[in-house]
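First comes the structure, then the notes that go with it.
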Amino acid sequence: MSFDLEAYLVERRCAVDEALERALPPADAYPPRLHEAMRYSVFAGGKRLRPILVIAGAEAVGGRMGDVLPTACAFELIHTYSLIHDDLPAMDDDDYRRGRPTSHRVFGEAMAILAGDALLTHAFGLVVANFAGGTRPLGVLPEVLSEIVAAAGSPGMIGGQAVDVESAGNVVAPETLEYIHTHKTGALIGAAVRVGALLAGASRPALEALSRYGTRVGLTFQIVDDILDVEGSLESLGKTAGSDRRKRKVTYPGYHGLEASRARAAALTREGQAALTALGPAAEPLVALADFALNRKA
Ligand code: GRG
(Lines give C-alpha, C1' and ligand atoms only; values in the text may rest on other atoms or scores of the structure.)
Protein backbone atom coordinates (compact mmCIF):
# COMPACT_ATOMS: atom_id res chain seq x y z
CA MET A 1 0.00 0.00 0.00
CA SER A 2 1.30 3.47 -0.81
CA PHE A 3 2.14 5.93 1.95
CA ASP A 4 -0.88 7.97 3.16
CA LEU A 5 0.58 11.48 3.36
CA GLU A 6 -2.75 13.12 4.14
CA ALA A 7 -3.26 10.99 7.28
CA TYR A 8 0.39 11.55 8.25
CA LEU A 9 0.02 15.34 7.92
CA VAL A 10 -3.27 15.49 9.84
CA GLU A 11 -1.86 13.49 12.78
CA ARG A 12 1.35 15.49 13.02
CA ARG A 13 -0.30 18.90 12.53
CA CYS A 14 -2.65 18.05 15.35
CA ALA A 15 0.23 17.03 17.66
CA VAL A 16 2.21 20.17 16.73
CA ASP A 17 -0.79 22.43 17.34
CA GLU A 18 -1.44 20.88 20.76
CA ALA A 19 2.25 21.24 21.67
CA LEU A 20 2.27 24.88 20.50
CA GLU A 21 -0.82 25.54 22.58
CA ARG A 22 1.01 24.27 25.67
CA ALA A 23 4.32 25.91 24.79
CA LEU A 24 3.13 29.50 24.36
CA PRO A 25 2.18 31.78 27.25
CA PRO A 26 -1.62 32.16 27.59
CA ALA A 27 -3.16 35.12 25.75
CA ASP A 28 -4.13 36.81 29.02
CA ALA A 29 -0.65 36.54 30.58
CA TYR A 30 0.74 39.99 31.27
CA PRO A 31 1.32 41.89 28.97
CA PRO A 32 -1.76 40.47 27.23
CA ARG A 33 -1.52 42.43 23.97
CA LEU A 34 1.92 40.93 23.28
CA HIS A 35 0.84 37.37 24.02
CA GLU A 36 -2.32 37.84 21.99
CA ALA A 37 -0.20 39.02 19.04
CA MET A 38 2.17 36.03 19.35
CA ARG A 39 -0.76 33.61 19.38
CA TYR A 40 -2.63 35.44 16.60
CA SER A 41 0.10 34.69 14.05
CA VAL A 42 1.06 31.22 15.29
CA PHE A 43 -2.55 29.97 15.24
CA ALA A 44 -3.48 31.60 11.94
CA GLY A 45 -3.36 28.22 10.18
CA GLY A 46 0.02 27.57 8.56
CA LYS A 47 0.90 24.26 6.94
CA ARG A 48 3.34 23.37 9.79
CA LEU A 49 5.79 22.10 7.19
CA ARG A 50 8.94 22.91 9.19
CA PRO A 51 7.91 21.18 12.43
CA ILE A 52 6.70 18.19 10.42
CA LEU A 53 10.12 18.04 8.72
CA VAL A 54 11.78 17.97 12.18
CA ILE A 55 9.54 15.02 13.10
CA ALA A 56 10.04 13.24 9.77
CA GLY A 57 13.82 13.81 10.01
CA ALA A 58 13.81 12.09 13.41
CA GLU A 59 11.57 9.25 12.21
CA ALA A 60 13.82 8.65 9.19
CA VAL A 61 16.58 7.53 11.57
CA GLY A 62 14.40 5.62 14.05
CA GLY A 63 13.31 8.50 16.35
CA ARG A 64 9.81 9.23 17.64
CA MET A 65 7.60 12.31 17.27
CA GLY A 66 7.12 12.71 21.03
CA ASP A 67 10.86 13.05 21.57
CA VAL A 68 11.30 16.04 19.25
CA LEU A 69 8.02 17.98 19.59
CA PRO A 70 9.42 20.97 21.56
CA THR A 71 12.13 21.51 18.93
CA ALA A 72 9.60 21.01 16.13
CA CYS A 73 7.54 23.81 17.72
CA ALA A 74 10.67 25.97 17.94
CA PHE A 75 11.02 25.80 14.15
CA GLU A 76 7.40 26.92 13.72
CA LEU A 77 7.97 29.88 16.06
CA ILE A 78 11.10 30.96 14.18
CA HIS A 79 9.24 30.63 10.88
CA THR A 80 6.24 32.60 12.18
CA TYR A 81 8.46 35.39 13.50
CA SER A 82 10.10 35.64 10.05
CA LEU A 83 6.67 35.95 8.40
CA ILE A 84 5.56 38.71 10.83
CA HIS A 85 8.75 40.71 10.23
CA ASP A 86 8.72 40.05 6.47
CA ASP A 87 5.21 41.53 6.24
CA LEU A 88 6.15 44.79 8.02
CA PRO A 89 5.96 48.11 6.14
CA ALA A 90 9.77 48.35 6.20
CA MET A 91 10.02 45.01 4.38
CA ASP A 92 7.24 43.69 2.11
CA ASP A 93 4.42 45.82 3.54
CA ASP A 94 1.84 43.06 3.12
CA ASP A 95 -1.76 43.19 4.32
CA TYR A 96 -2.62 39.47 4.37
CA ARG A 97 -0.87 36.38 5.67
CA ARG A 98 -2.28 32.93 6.30
CA GLY A 99 -5.66 34.25 5.17
CA ARG A 100 -5.86 36.99 7.81
CA PRO A 101 -4.80 40.63 8.09
CA THR A 102 -1.09 40.75 8.94
CA SER A 103 0.10 41.25 12.52
CA HIS A 104 1.03 44.92 12.13
CA ARG A 105 -2.40 45.63 10.58
CA VAL A 106 -4.11 44.25 13.68
CA PHE A 107 -1.70 45.07 16.52
CA GLY A 108 0.33 47.97 15.09
CA GLU A 109 3.93 47.94 13.94
CA ALA A 110 5.61 48.12 17.32
CA MET A 111 3.66 45.19 18.76
CA ALA A 112 4.19 43.13 15.59
CA ILE A 113 7.96 43.63 15.85
CA LEU A 114 7.88 42.67 19.53
CA ALA A 115 5.69 39.61 18.91
CA GLY A 116 8.23 38.41 16.30
CA ASP A 117 11.13 39.07 18.68
CA ALA A 118 9.37 37.19 21.48
CA LEU A 119 8.60 34.18 19.25
CA LEU A 120 12.23 33.94 18.15
CA THR A 121 13.46 34.12 21.73
CA HIS A 122 10.85 31.65 22.98
CA ALA A 123 11.99 29.18 20.31
CA PHE A 124 15.43 28.81 21.88
CA GLY A 125 13.83 28.11 25.25
CA LEU A 126 11.88 25.26 23.65
CA VAL A 127 15.02 23.76 22.11
CA VAL A 128 16.68 23.70 25.53
CA ALA A 129 13.46 22.37 27.12
CA ASN A 130 13.67 19.41 24.74
CA PHE A 131 16.65 18.26 26.81
CA ALA A 132 14.92 18.57 30.18
CA GLY A 133 14.40 15.43 32.23
CA GLY A 134 17.72 13.90 31.16
CA THR A 135 16.18 11.56 28.59
CA ARG A 136 18.25 12.98 25.76
CA PRO A 137 22.08 13.02 25.76
CA LEU A 138 23.11 16.65 26.33
CA GLY A 139 26.15 16.15 24.09
CA VAL A 140 24.14 16.91 20.95
CA LEU A 141 22.71 20.22 22.29
CA PRO A 142 25.60 22.46 21.09
CA GLU A 143 25.35 21.04 17.56
CA VAL A 144 21.57 21.44 17.53
CA LEU A 145 21.84 25.06 18.68
CA SER A 146 24.63 25.83 16.17
CA GLU A 147 22.54 24.41 13.34
CA ILE A 148 19.55 26.56 14.27
CA VAL A 149 21.61 29.72 14.85
CA ALA A 150 23.31 29.32 11.46
CA ALA A 151 20.06 28.54 9.63
CA ALA A 152 18.01 31.36 11.18
CA GLY A 153 20.73 34.00 11.50
CA SER A 154 22.96 36.00 9.15
CA PRO A 155 24.63 32.91 7.60
CA GLY A 156 21.14 31.65 6.71
CA MET A 157 17.62 33.08 6.61
CA ILE A 158 18.43 36.66 7.62
CA GLY A 159 21.39 36.77 5.21
CA GLY A 160 19.09 35.65 2.40
CA GLN A 161 16.48 38.20 3.39
CA ALA A 162 19.13 40.98 3.48
CA VAL A 163 20.29 40.20 -0.07
CA ASP A 164 16.65 39.90 -1.19
CA VAL A 165 15.87 43.37 0.20
CA GLU A 166 18.99 44.86 -1.40
CA SER A 167 18.35 43.20 -4.76
CA ALA A 168 14.73 44.28 -5.30
CA GLY A 169 14.47 46.28 -8.52
CA ASN A 170 18.01 45.40 -9.59
CA VAL A 171 19.38 43.08 -12.22
CA VAL A 172 21.27 40.39 -10.31
CA ALA A 173 23.56 37.52 -11.26
CA PRO A 174 22.06 33.99 -11.24
CA GLU A 175 24.32 33.15 -8.27
CA THR A 176 22.68 35.96 -6.30
CA LEU A 177 19.21 34.58 -7.02
CA GLU A 178 20.43 31.14 -5.91
CA TYR A 179 21.94 32.64 -2.73
CA ILE A 180 18.68 34.41 -1.85
CA HIS A 181 16.55 31.29 -2.32
CA THR A 182 18.85 28.81 -0.62
CA HIS A 183 19.35 31.13 2.36
CA LYS A 184 16.04 32.96 2.82
CA THR A 185 13.96 29.80 2.67
CA GLY A 186 16.16 26.74 2.13
CA ALA A 187 18.35 27.12 5.21
CA LEU A 188 15.58 26.74 7.80
CA ILE A 189 13.92 23.88 5.91
CA GLY A 190 17.23 22.00 5.60
CA ALA A 191 18.02 22.60 9.27
CA ALA A 192 14.61 21.27 10.32
CA VAL A 193 15.34 17.87 8.77
CA ARG A 194 18.91 17.73 10.11
CA VAL A 195 18.03 18.85 13.63
CA GLY A 196 15.23 16.26 13.89
CA ALA A 197 17.73 13.58 12.86
CA LEU A 198 20.44 14.89 15.21
CA LEU A 199 18.03 14.70 18.15
CA ALA A 200 17.27 11.10 17.22
CA GLY A 201 20.96 10.17 17.22
CA ALA A 202 21.53 9.98 13.44
CA SER A 203 24.83 8.62 12.09
CA ARG A 204 27.07 10.93 10.02
CA PRO A 205 26.24 9.16 6.70
CA ALA A 206 22.51 9.49 7.46
CA LEU A 207 22.97 13.20 8.27
CA GLU A 208 24.80 13.74 4.99
CA ALA A 209 21.98 12.07 3.05
CA LEU A 210 19.44 14.21 4.90
CA SER A 211 21.45 17.36 4.15
CA ARG A 212 21.39 16.60 0.44
CA TYR A 213 17.63 16.08 0.70
CA GLY A 214 17.05 19.21 2.79
CA THR A 215 18.97 21.63 0.58
CA ARG A 216 17.10 20.42 -2.50
CA VAL A 217 13.65 20.45 -0.92
CA GLY A 218 14.36 23.87 0.61
CA LEU A 219 15.26 25.38 -2.75
CA THR A 220 12.29 23.66 -4.41
CA PHE A 221 9.99 25.16 -1.81
CA GLN A 222 11.03 28.71 -2.69
CA ILE A 223 10.95 28.12 -6.47
CA VAL A 224 7.38 26.82 -6.06
CA ASP A 225 6.56 29.85 -3.88
CA ASP A 226 7.73 32.09 -6.73
CA ILE A 227 5.61 30.14 -9.22
CA LEU A 228 2.53 30.33 -6.97
CA ASP A 229 2.99 34.07 -6.65
CA VAL A 230 2.55 34.24 -10.45
CA GLU A 231 -0.25 31.67 -10.73
CA GLY A 232 -2.12 31.82 -7.38
CA SER A 233 -4.75 34.09 -5.87
CA LEU A 234 -5.46 35.69 -2.47
CA GLU A 235 -8.11 32.98 -1.85
CA SER A 236 -5.81 30.06 -2.64
CA LEU A 237 -2.62 31.47 -1.07
CA GLY A 238 -4.00 33.34 1.94
CA LYS A 239 -1.72 36.24 0.99
CA THR A 240 -1.71 38.73 -1.85
CA ALA A 241 -0.63 37.12 -5.15
CA GLY A 242 1.49 38.95 -7.72
CA SER A 243 3.35 40.83 -5.02
CA ASP A 244 6.80 39.72 -6.22
CA ARG A 245 6.30 41.44 -9.58
CA ARG A 246 4.82 44.58 -8.01
CA LYS A 247 7.77 44.80 -5.61
CA ARG A 248 10.21 43.96 -8.40
CA LYS A 249 11.52 40.99 -6.43
CA VAL A 250 14.18 38.71 -7.84
CA THR A 251 12.36 35.44 -8.59
CA TYR A 252 12.98 32.15 -10.37
CA PRO A 253 10.21 32.57 -12.99
CA GLY A 254 11.27 36.21 -13.46
CA TYR A 255 14.80 35.09 -14.23
CA HIS A 256 14.41 31.67 -15.86
CA GLY A 257 10.75 31.65 -16.99
CA LEU A 258 7.88 29.49 -15.67
CA GLU A 259 8.65 26.30 -17.63
CA ALA A 260 12.33 26.19 -16.68
CA SER A 261 11.41 26.96 -13.06
CA ARG A 262 8.95 24.06 -12.95
CA ALA A 263 11.52 21.74 -14.51
CA ARG A 264 14.22 22.77 -12.00
CA ALA A 265 11.86 22.24 -9.05
CA ALA A 266 10.93 18.77 -10.32
CA ALA A 267 14.57 17.80 -10.91
CA LEU A 268 15.60 19.00 -7.44
CA THR A 269 12.77 16.98 -5.89
CA ARG A 270 13.91 13.80 -7.64
CA GLU A 271 17.51 14.39 -6.54
CA GLY A 272 16.44 15.02 -2.95
CA GLN A 273 14.35 11.86 -2.88
CA ALA A 274 17.17 9.81 -4.41
CA ALA A 275 19.48 10.92 -1.61
CA LEU A 276 17.27 9.06 0.88
CA THR A 277 17.51 5.60 -0.73
CA ALA A 278 19.93 4.25 1.87
CA LEU A 279 17.52 5.15 4.71
CA GLY A 280 14.88 2.70 3.44
CA PRO A 281 11.17 2.73 4.36
CA ALA A 282 11.73 4.96 7.43
CA ALA A 283 12.30 7.83 5.00
CA GLU A 284 8.94 7.36 3.21
CA PRO A 285 7.38 10.40 4.91
CA LEU A 286 10.27 12.59 3.73
CA VAL A 287 9.91 11.27 0.18
CA ALA A 288 6.19 12.10 0.23
CA LEU A 289 6.83 15.51 1.83
CA ALA A 290 9.17 16.39 -1.07
CA ASP A 291 6.32 15.70 -3.51
CA PHE A 292 4.03 17.78 -1.30
CA ALA A 293 6.46 20.73 -1.38
CA LEU A 294 6.63 20.45 -5.17
CA ASN A 295 2.91 20.04 -5.90
CA ARG A 296 1.38 22.33 -3.24
CA LYS A 297 -1.08 25.01 -4.26
CA ALA A 298 -0.63 27.23 -1.18
C1 GRG B 1 12.27 39.16 8.08
C2 GRG B 1 13.88 37.98 9.61
C3 GRG B 1 13.13 38.01 8.38
C4 GRG B 1 13.24 36.97 7.56
C5 GRG B 1 12.42 36.86 6.41
C6 GRG B 1 11.58 33.51 5.39
C7 GRG B 1 11.55 34.97 5.30
C8 GRG B 1 12.77 35.66 5.62
C9 GRG B 1 10.44 35.67 5.04
C10 GRG B 1 9.14 35.11 4.83
C11 GRG B 1 8.56 35.59 3.54
C12 GRG B 1 8.67 34.61 2.49
C13 GRG B 1 7.69 34.63 1.41
C14 GRG B 1 9.64 33.76 2.53
C15 GRG B 1 9.79 32.70 1.68
C16 GRG B 1 9.53 31.49 2.48
C17 GRG B 1 8.15 31.10 2.42
C18 GRG B 1 7.74 30.44 1.18
C19 GRG B 1 7.34 31.33 3.42
C20 GRG B 1 5.98 30.82 3.52
O21 GRG B 1 6.09 29.55 4.09
P22 GRG B 1 4.88 28.54 4.13
O23 GRG B 1 4.28 28.43 2.76
O24 GRG B 1 3.87 29.31 5.09
O25 GRG B 1 5.35 27.27 4.76
P26 GRG B 1 2.81 28.70 6.13
O27 GRG B 1 1.89 29.87 6.42
O28 GRG B 1 2.10 27.55 5.52
O29 GRG B 1 3.61 28.31 7.33
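The values are calculated or read from the model by the stated rules, or taken from the named source; none is laboratory data. Source: prediction; values computed, not measured. Every residue, glycine as well, gets a Cβ built from its backbone with ideal geometry; the counts of neighbours run over all protein chains shown. In case anyone asks, the SASA skips ligands and DNA or RNA and just uses the protein heavy atoms, side chains included. Shrake-Rupley method; radii C 1.70, N 1.55, O 1.52, S 1.80 Å.
In sequence order, what are the phi-derived ³J(HN,Hα) couplings for the range 41-46 according to the Karplus relation 6.51 cos²θ - 1.76 cosθ + 1.60 with θ = phi - 60°, rounded to whole Hz, with x for glycine and proline?
7, 5, 9, 8, x, x
Over the chain, with the other protein chains present, what is the accessible area per residue in square angstrom, probe 1.4 angstrom?
43
Points 7 angstrom from Cα along the Cβ direction at S233 and R246: gap in nanometres?
Distance between label points: 1.6 nm.
Any idea how far the Cα center of the range 78-156 sits from the one of the range 203-278, in Å?
So the separation of the two Cα centres works out to 22 Å.
Can you check what the net charge comes to around F221, using other residues whose Cβ is under 11 Å from the Cβ of F221 (Lys, Arg +1; Asp, Glu -1)?
Residues near F221 contribute +3 overall.
For every other residue with a beta carbon closer than 15 angstrom to the beta carbon of T176, add +1 if it is Lys or Arg and -1 if Asp or Glu, then tell me the sum.
-2
Taking +1 at the Cβ of each Lys and Arg and -1 at the Cβ of each Asp and Glu, which of L199, T185, A260 sits farthest along the dipole of the range 182-298 towards its positive end, judged by Cα position relative to the Cα centre?
About the Cα centre, the residue reaching furthest to the positive side is T185.
Please give the charge dipole size of the range 5-293, origin at the Cα centre, charges +1 on K and R Cβ atoms and -1 on D and E Cβ atoms. Round to the nearest 20 debye.
220
What order, most packed first, do the peptides 261-272, 214-225, 240-251 have when packing is the mean number of other Cβ atoms within 10 Å of each residue?
Per-residue Cβ counts within 10 Å, averaged per peptide and sorted highest first, yield 214-225, 261-272, 240-251.
Contour minus end-to-end for L138 and A27, with contour as 0.36 nm per residue of separation and end-to-end as the Cα-Cα distance?
The span from L138 to A27 would gain 36.7 nm if fully extended.
At a 1.4 Å probe radius, carbon and sulfur cover how many percent of the accessible area of the range 5-293? Walk me through the numbers on the way to the answer.
Working: 7020 of 12010 Å².
Heavy-atom surface of the range 5-293 belonging to carbon and sulfur, 1.4 Å probe: 58 percent.
Run the numbers for S154 and A282: contour at 0.36 nm per residue of separation, minus the present Cα-Cα distance, in nm.
That works out to 42.8 nm of additional length.
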